[in-house]
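Engineer: Once you've had a glance at the structure underneath, I'll fire off some questions.
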Amino acid sequence: MNVIKPTPLTEGRLQSIDALRGIAALGVVLYHAVMQTSNAVPDNFSRWPVKLLQFVSSFGYVGVFLFFVISGFCIHLQWAKSRARGESPSIKFGTFWRRRFRRLYPPYLIALALFLLMMALSTGINLTHFFVYDVVMHLLMLHNLDPNTCYSINGVFWTLAIEEQLYLAYFLLLFLRSRWGWGPTLIVCAAARVGWFAFSHAAWVTTGAGIPVPEAAASHWLTWALGAIAVEAAFGLVKLPRWCHNVWLGIAAFVAASATSLILPTTQKDTLAHTLAWMLMHPAWGLGFFILVNRAVQAEQSWTLKVRNLGEVRRRFQLATMFRRLVGGLAFIGLFSYSLYLTHELVIMESWWFVSEGLAPILNTLLIVVPATVGFAWVFYVFCEKPYMRSAVRKVMRAEEDLDEPVNAFAQNLPTVAEEA
């Protein structure tokens, strides 16, 4: 990577990033919703389309890795924007965490309370020592460090804990990037994944204590750092090699990761082949999504320049295209993808209330359950997430007004990591 002259990035929200966020969220929703129909396959010709859909949706979980790349992109955006303006970037730890806390934690608490309420109304709550411990670990967002609490209340909350821990690691990432550059920094991030695996294995062998590895922040620091590199490339702070925008290489990374995920369960554990395959699988997903993000942002910048050059006729044509509308719809879902991620499991669990008995399970999932998750997430976003977004923006604006520094539209609409989580 070479340092190059900074170039301006489009003002306002990046629709490509919002659209990718929407794709990631829908992928996770489909993964959990369609998984409920795994044992409901029709005994006729339609079984093959159903089985194909079930197979494809079984990869929806990889939206988590896309979220991690987008997360690194958005959190590092403020630093990259300041650097591109020729300023010396300064991100204060306290200010950073206050903004994250105001923006992300209240919706998380509300969603956590909803799950506990539904648990109390359905199965009841037994106030044991473990239950108290479980809730406290979730409140502290440390539940991903214990296999007993990792998936206990809501099976998807472990990724939110990872995000919070990666925020802490962001300041170390900034230090390494500023001191050594991206090459050695990526090596450190990769070493963290290997080191955490070795630590977990040693703890298991010596004490019998289970320490989660795929659910640990150290395992995904490399993927997150790739997103930070992508935003620097978008602002022209670094020039990436051409292969970082090569769609075919991205597809090859996806194919390799998919094949590995299918073969890995059949390999014998505690062998070198199994360990190497597991080590490389998640970074392969991260690499593929890194290339996808680079290409999407590059395409949006190119498209924006063409629209400006060709004027109103081209603009009307742009709005009329089916592709543009599709991207706009996905970007719309991307706006409230955090709420969708927080609440979709709740809707899926309670879907037995409103599904139609006259429809096949897969049709219930596609025509009723998935739209219901999106609709409920939008309501949750309006009442439980958006107010805290505005609060966080007002705090930033007041802070910058005190410094006599105007806030442009891009800063006001700065995506935050919770929207990717």
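The values are calculated or read from the model by the stated rules, or taken from the named source; none is laboratory data. Bear in mind the structure is a predicted one, so any value in this text is a computation, not a measurement. Backbone-built Cβ (ideal geometry, glycine too); neighbour counts: all protein chains shown. Accessible surface is based on the protein model in full, side chains and every heavy atom, while ligands, DNA and RNA are left aside. Shrake-Rupley method; radii C 1.70, N 1.55, O 1.52, S 1.80 Å.
Engineer: Helix-only estimate, please: 222 nm mean residue ellipticity of the chain, summing -39500 (n - 2.57) across DSSP H runs of length 4 or more and dividing by its residues, to the nearest 500.
Structural biologist: Result for the chain, helices only: -23000 deg cm²/dmol.
Engineer: Radius of gyration and Dmax for region 1-139's Cα atoms, expressed in Å?
Structural biologist: 21.8, 65
Engineer: Another question, if that's okay. Compute the FRET efficiency between Ala120 and Trp97 as 1/(1 + (r/R0)^6), taking r as their Cβ-Cβ distance and R0 = 30 Å, and round to the nearest 0.05. All intermediate terms of the calculation are to be shown ahead of the outcome.
Structural biologist: Working: r = 32 Å, r/R0 = 1.05.
Once rounded, the FRET efficiency stands at 0.40.
Engineer: Quote to one decimal, in nm, the extra length available between Ala259 and Ser88 on full extension: 0.36 nm per residue of separation minus the C-alpha distance between them. Provide the component values of the computation, followed by the final result.
Structural biologist: Details: separation 171, 0.36 × 171 = 61.56 nm, distance 4.43 nm.
Stretched out fully, the Ala259 to Ser88 stretch lengthens by 57.1 nm.
Engineer: Now for a different question. Positive end of the dipole of the chain, charges at C-beta (+1 Lys, Arg; -1 Asp, Glu), about the Cα centre: which of Pro212, Thr123, Leu14 has its Cα farthest in that direction?
Structural biologist: Leu14
Engineer: Still on this model: At a probe radius of 1.4 Å, what is the per-residue accessible area of Lys239, in Å² to the nearest 10?
Structural biologist: Accessible area, nearest 10 Å²: 120 Å².
Engineer: Right, another one. As a test question: what accessible area, to the nearest 10 Å², does His76 have when a 1.4 Å probe is rolled over all protein chains in place?
Structural biologist: Only protein atoms counted, so the area is about 0 Å².
Engineer: Could you sort Phe55, Phe380 by accessible area so the largest value comes first, with the probe set to 1.4 Å? List each step's numbers first, then the result.
Structural biologist: Working: Phe55 100, Phe380 10 Å².
Putting Phe55, Phe380 in descending order of accessible area: Phe55, Phe380.
Engineer: For region 175-187, just list the computed ³J(HN,Hα) in residue order, Karplus coefficients 6.51, -1.76 and 1.60, θ = phi - 60°, integers in Hz, with x standing in for Gly and Pro.
Structural biologist: Here the 3J(HN,Hα) series is 4, 5, 5, 6, 7, 10, x, 6, x, x, 5, 5, 5 Hz.
Engineer: Evaluate the Kirkwood expression for the hydrodynamic radius of region 160-203, namely the inverse of the mean inverse distance over all pairs of different C-alpha atoms, and round to one decimal in Å. Don't skip to the end; give the middle numbers.
Structural biologist: Values: mean 1/r = 0.0878 Å⁻¹.
When all Cα pairs of region 160-203 are included, the Kirkwood radius is 11.4 Å.
Engineer: Per Stokes-Einstein, at 25 °C and 0.890 mPa s, what whole-number D in µm² s⁻¹ belongs to the chain, with the Kirkwood radius over Cα pairs as the hydrodynamic radius? Mind dumping the intermediate values first?
Structural biologist: Details: Rh = 22.9 Å.
D = 107 µm²/s.
Engineer: Using alpha-carbon pairs under 8 Å, 6+ residues apart, how would you state the relative contact order of the chain in percent?
Structural biologist: Values: 503 pairs, mean separation 141.9, N = 421.
Answer for the chain is 34 percent.
Engineer: For Val238, what residues show an amide H to amide H distance below 5 Å, using hydrogens built from the backbone and excluding near sequence neighbours?
Structural biologist: Ile4, Ala233
Engineer: Got a sec to turn the phi values of region 150-167 into Karplus ³J(HN,Hα) couplings, 6.51 cos²θ - 1.76 cosθ + 1.60 with θ = phi - 60°, whole Hz, x for Gly and Pro?
Structural biologist: Couplings: 4, 10, 6, 7, 9, x, 9, 5, 4, 5, 5, 5, 4, 4, 4, 6, 6, 4 Hz.
Engineer: Further question on the same structure: Where the only charges are on Cβ atoms (+1 Lys, Arg; -1 Asp, Glu), what is the dipole of the chain about its Cα centre, to the nearest 20 debye?
Structural biologist: Working: 33 positive and 24 negative charges, 298 e Å.
With Lys and Arg at +1 and Asp and Glu at -1, about 1440 debye.
Engineer: Rg over Rh of region 232-290, using C-alpha atoms and the Kirkwood radius, what does it come to?
Structural biologist: Using only Cα positions, Rg/Rh for region 232-290 is 1.13.
Engineer: Right, another one. What ratio of Cα Rg to 2.2 N^0.38 Å holds for region 94-245?
Structural biologist: Compactness ratio reported: 1.25.
Engineer: For region 171-298, place one equal point scatterer on every Cα, skip the solvent, and apply the Debye formula. What is log10 of I(q)/I(0) at q = 0.14 Å⁻¹?
Structural biologist: -0.70
Engineer: May I pose another question? Could you compute how much accessible surface Val379 exposes when probed at 1.4 Å, giving the result in Å² to the nearest 10?
Structural biologist: 70
Engineer: Mind jotting down the distance between the C-alpha centroids of region 168-200 and region 57-74, whole Å?
Structural biologist: Using only Cα atoms, the two centres lie 20 Å from each other.
Engineer: For Leu226, Leu326, Leu121, give the ranking by accessible area with the largest first, probe 1.4 Å.
Structural biologist: Putting Leu226, Leu326, Leu121 in descending order of accessible area: Leu121, Leu326, Leu226.
Engineer: With all protein chains present and a 1.4 Å probe, how do Trp243, Trp79, Trp378, Trp48 order by accessible area, largest first?
Structural biologist: So, going from the largest accessible area down, we get Trp48, Trp243, Trp378, Trp79.
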